[in-house]
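A quick write-up on the structure given underneath.
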Amino acid sequence: MSEMAEKNSNTEQNILEAAKVVFVAKGMDGARMQEIADKAGINKALLHYYFRSKDKLFEAVFVEILSKLIPDISELLLSELPLFEKIRKFTQHYIDTIRENPLIPVFILHELNREPEGIARTFKSMGIQPQIFIDEIKREIEKGTIVPIDPLHLIVNLLSMCIFPIVAQPIMQHLIFEENGEAYSAFLEQRKKEVPEFIINSIRKK
């Protein structure tokens, strides 16, 4: 890599890291390009040279975050692990990733209001194939391993039970945990075990 290309790459990465901090703190609507430029240690004109708009920058940050999550999820769905083990591993990995990258639910909520189709395009472009998991659930129903259930409901139940406590963190910490951050973190650790077992017990054929 040439010195100029390396400098450009470092500047772009610096912008993305600064944008993550500002977006997490202020949200999409509250963030300002000037604030991001200041955080990155550059002027606003240079920021606009790399990213023409706040929407483009927000999308770039989200794609970078997803690039750390999607390959692992895709590999898990394609693995030969039993369904119940996939549910356990998915829950653990998903909660850990969302905790480390709170921009994921922020971005999704923002895009649902702005351009719902954009979320689907982003996930598809990065290799997410929900049909693989849907087909596996159907096979387990046919084998009698799990009770008859609409695979879409199972997927939505799993996702929502992982996401909600993180999206609702401000409310939960104030109303339930009385601003005790350690108690909230311990609760999320417990969720990594409680959620998959709850899901598995609800679908396991008795």
- Task: Quick one: P(r) of the range 1-106 from all Cα-Cα pairs, 5 Å bins, percents rounded to integers, in order of increasing distance.
- Result: 2, 11, 20, 18, 14, 12, 9, 7, 4, 2, 0
- Task: Rounded to the nearest 10 degrees, what's the angle between the helix 116-125 long axis and the longest principal axis of the chain, both from Cα atoms, 0 to 90?
- Result: 80 degrees
- Message: Give me the one-decimal nm value for the distance between modelled label points at LEU159 and SER202, 7 Å along each residue's Cα-to-Cβ direction.
- Response: 1.5 nm
- Calculated [θ] (222 nm, deg cm²/dmol) that DSSP helices of n ≥ 4 give over the chain, each run adding -39,500 (n - 2.57): -27000 deg cm²/dmol
- Item | Two-site FRET efficiency, LYS56 against MET172, from Cβ-Cβ distance with R₀ of 45 Å, rounded to 0.05 | 0.85
- Using Cα atoms only, what is the angle between the long axis of helix 3-30 and the major principal axis of the chain, expressed in degrees (0 to 90) to the nearest 10? 70 degrees
- Task: Any chance you could list P(r) for the range 63-203, counting all Cα-Cα pairs in 5 angstrom bins from zero, rounded to whole %?
- Result: 2, 9, 17, 21, 20, 15, 10, 5, 1, 0
- Task: Please list, or write none, the lysines whose alpha carbon is within less than 17 Å of the alpha carbon of LYS39, excluding same-chain residues fewer than 8 places away.
- Result: LYS20, LYS26, LYS54
- What is the diffusion coefficient of the range 58-117 in µm²/s, taking the Kirkwood radius over Cα pairs and the Stokes-Einstein relation at 20 °C with a viscosity of 1.002 mPa s? 170 µm²/s
- Value of D in µm² per second that Stokes-Einstein yields for the range 117-170, Kirkwood Rh from Cα pairs, at 25 °C (0.890 mPa s): 189 µm²/s
- Message: I'd like the orientation of helix 83-100 relative to the chain: the angle between its Cα long axis and the longest Cα principal axis, in ° from 0 to 90, rounded to 10.
- Response: 20 degrees
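No value in this document is a laboratory result; all are computed from the given coordinates. What you see is a predicted model, and the numbers here were worked out from it, not measured in a lab. We place every Cβ from the backbone using ideal geometry, glycine too, and count neighbours over all the protein chains shown.
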